[in-house]
Structures are given as C-alpha cells and as structure tokens.
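Notes follow once the structure below has been shown.
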Amino acid sequence: MNMFRKLTFVAVFLFAATVVNAEGMKVGVRLGYSMQSVFGGMGMLGLGAGVGVNVPVGPIFIGPEVAFLYRDNWSTTEISSGKAVDWTQSEFALSIPLLIKFLPAPNYFIAVGPQVDIPIAPEECFGGTCTEFTERADFDVSVVVSFGYIIVSNLTFDFRYVYGATAHHTRDVYGILPGGSIKSNPMNTYGFGITYSL
C-alpha cells in the first residue's frame, strides 16, 4: 500500500466518523506511552501524539482518533557465530482507533473499538546493521479496550490494552518449511495517555 493510499484512507476514515453528528463534539490532543510485544519477553517502548474527537450519540460517545507513533517492537540479544548480537525492530506508524465510549459512573469511562495501525519506515537492525523491514505487514488490525478517569472537564487519563488480530510480519522460509512462509504473532500493546480537550 503506497503512502498516498494510506493517507487517503486516514482522511476518509476520520471524515466519515466525525460527520455523523458534529453537534456537541469535543476535540482533544492525546499524548501516550506504550509497551508493545510481538514475542514474549521482547516488549519495548512506544511514544505517540495524536488528535481525537468525542461525538455524543445518545448516551454514548463515538471517538475516532489519529495518532503518530514511534515504537520499538522488539529488542533482544541473539547469539550469532558465538557472539552476542543486538537485534531490534523499530518503526513510525499512524494509529487510527474508532472508540465507543460509555460513562458507567461520574468521572469514569470505558471505551472499546477497532484500531488500524499503518507502519511507516519499519526497520530491522541486527548487529548494528539496519535495513528496511520488508516482511512487515502493511497494516495491523486490533481491538482496543480502555479505562479512563476524567480529572477535570477538559483533562482525562486513560489506560489502554490493544489486542492484535493480524500477524505483525510474515517470514519467507521457502525451502525450509512447507508452504514457503510463516506468520508471526500479532502485536499486543499496553499503554496510558493524557488527553487535553479544547
């Protein structure tokens, strides 16, 4: 998927999600920190900044967002030719969750919904040599579950768990394993963020 198509997808998604009901809509800026893991014990940090809206629809809120992320998806040490070698995978990404928010109690909210992440410039480094990670999936599809606290009317804190539903990457193992390729685990993410609403 080329960059123009990715950006067009983001624009259409946000437009469709916000024109449903603009009355009473609030716009917010969210800063977030996350730990993501593709393989057990190899989780690393991620940082993100984005913009989201809350559109009231009856007793719930529809909350589309778009965020720009930097994340290290794994970092470990492998033994190669008898030597310890660092192995990492990092990338930028566009993250697009579409959350449905409920307020079960004053100052608290629960949010659930789908999320699509679009990797940008994924890179894999092995022993100090970095190359484009061409085996990376074009996008990740996930499900978000979030719990939040409204500190004051325009400032909220939230914790998010993002459960990955699609493979993070596909390795070419033609001639080694039947089928020629093997899919990795999805990427799961834990994180928290602060949102300031305008």
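Every read-out reported here was derived from the displayed coordinates using simple, explicitly stated rules and does not represent laboratory data. Just so we're clear, the structure is a prediction, and the values are computed from it rather than from any experiment. Glycine also receives a Cβ, built like all others from the backbone with ideal geometry; neighbour counts cover every protein chain displayed.
Numerical summary
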{"quantity": "Cβ-defined net charge surrounding ALA137, 12 Å radius [Lys, Arg +1; Asp, Glu -1]", "calculated": "-2"}
{"quantity": "Net charge of Cβ neighbours under 12 Å - reference GLY191; Lys, Arg +1; Asp, Glu -1", "calculated": "+2"}
{"quantity": "Anchor LYS83: aspartates and glutamates whose Cα lies under 18 Å away (excluding residues fewer than 8 positions away in-chain)", "calculated": "none"}
{"quantity": "Segment PHE126-TYR33, extension gain: residue separation times 0.36 nm, minus the distance between their alpha carbons", "calculated": "31.0 nm"}
{"quantity": "Dipole of region 61-109, positive end: most advanced residue of SER90, ASN73, ASN107 [Cβ charges, Cα centre]", "calculated": "ASN107"}
{"quantity": "Quotient of Cα Rg and 2.2 N^0.38 Å for region 33-93, N being how many residues it contains", "calculated": "1.70"}
{"quantity": "Which of THR131, THR170, THR189, THR156 has the fewest Cβ neighbours within 10 Å, and the rest in rising order", "calculated": "THR131, THR170, THR156, THR189"}
{"quantity": "Coordinate range along principal axes, alpha carbons of region 62-134, Å, largest first", "calculated": "58, 23, 15"}
{"quantity": "Reach of LYS26 by Cα under 18 Å, taken over aspartates and glutamates that are not fewer than 8 positions away in the same chain", "calculated": "GLU65, ASP158"}
